[in-house]
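Visitor: Before we start, here is the structure in question, set down as structure tokens.
The values are calculated or read from the model by the stated rules, or taken from the named source; none is laboratory data. What you see is a predicted model, and the numbers here were worked out from it, not measured in a lab. Quick reminder, even Gly has a Cβ in these numbers, built from the backbone with ideal geometry, and neighbours come from all protein chains shown. The accessibility values were calculated without ligands, DNA or RNA, using every heavy atom of the protein model including side chains. Shrake-Rupley method; radii C 1.70, N 1.55, O 1.52, S 1.80 Å.
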Amino acid sequence: MASTIALRRVALNAWRSSRCFHASTRSFIKVGDKLPNLDVLVENSPGNKVNLSEAIKGKALIIGVPAAFSPSCSNSHVPGYINHKNLKSAGDVFVVAVNDPFVTKAWADALDPTGSSGIRFLGDPTAKFTEALDLAFDGAAIFGGPRSKRYALEIEDGKVKALHVEPDNTGLDVSAAEKVLG
């Protein structure tokens, strides 16, 4: 019996030492990082792909939201940017939601019917862009699947200049227009 236990220990330890990876957690995108080069975001229709690493030249703002048409996103967060006096100084502005392009188009039409703000509403239907930023959370209990944390990324020349990520994923404080745009 003792020899069986010893053999099991040797076999288990040999298996453990042969693992070639580690399980450390990824970290959020950080200041100085480049945007991921992905063709997964969509605007208005599934065929209209947008790659933000290619689309952004100069200054930009990416606003991440947990869900189109959710109360905080529709009543406070995005309207705060649409109506902010300093919006134009932010450069190109994008709202990214883990939704399909039909939902984000309908949401854009509801929040900014004339498009006068210049904000572009993008869907991240597979959450691949959001996951590449490591800004996804498990929203299955409320939203049915992975969702984006609420955030605002200030971009300059394709790199993150500043990031404002809500510590509780969905609250509205550090990513609010008043705090980001001044």
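Visitor: Could you look at the chain and say what percent of its accessible area is carbon and sulfur, using a 1.4 Å probe and all protein chains?
Guide: Working: 5380 of 9760 Å².
Roughly 55 percent of what the probe reaches on the chain is carbon or sulfur.
Visitor: Where both partners of a DSSP beta bridge lie in the chain, what percent of those bridges are antiparallel, to the nearest 5?
Guide: Details: 19 of 29 bridges.
Taking every DSSP beta bridge within the chain, about 65 percent pair in antiparallel fashion.
Visitor: Tell me, which longest segment in the chain has none of the trypsin sites (Lys or Arg not before Pro) that fall in DSSP loops with at most 15 further Cβ atoms within 10 Å? Each step should come with its number before you reach the end.
Guide: Working: sites that count: Arg19, Arg26, Lys30, Lys57, Lys85.
Longest run free of exposed loop sites: 86-182.
Visitor: Take the alpha carbon gyration tensor of segment 46-144, find the square roots of its eigenvalues, order them as a ≥ b ≥ c, and report rounded if a/c is under 1.5; if not, report prolate when a/b exceeds b/c, else oblate.
Guide: On the way: a/c = 1.56, a/b = 1.20, b/c = 1.29.
Verdict is oblate for segment 46-144.
Visitor: Then there's this: Give me the 1.4 Å probe accessible area per residue for segment 69-167, excluding ligands and nucleic acids, in Å². Don't jump to the answer; show the numbers that get you there.
Guide: Values: 4330 Å² over 99 residues.
Each residue of segment 69-167 exposes 44 Å² on average to a 1.4 Å probe.
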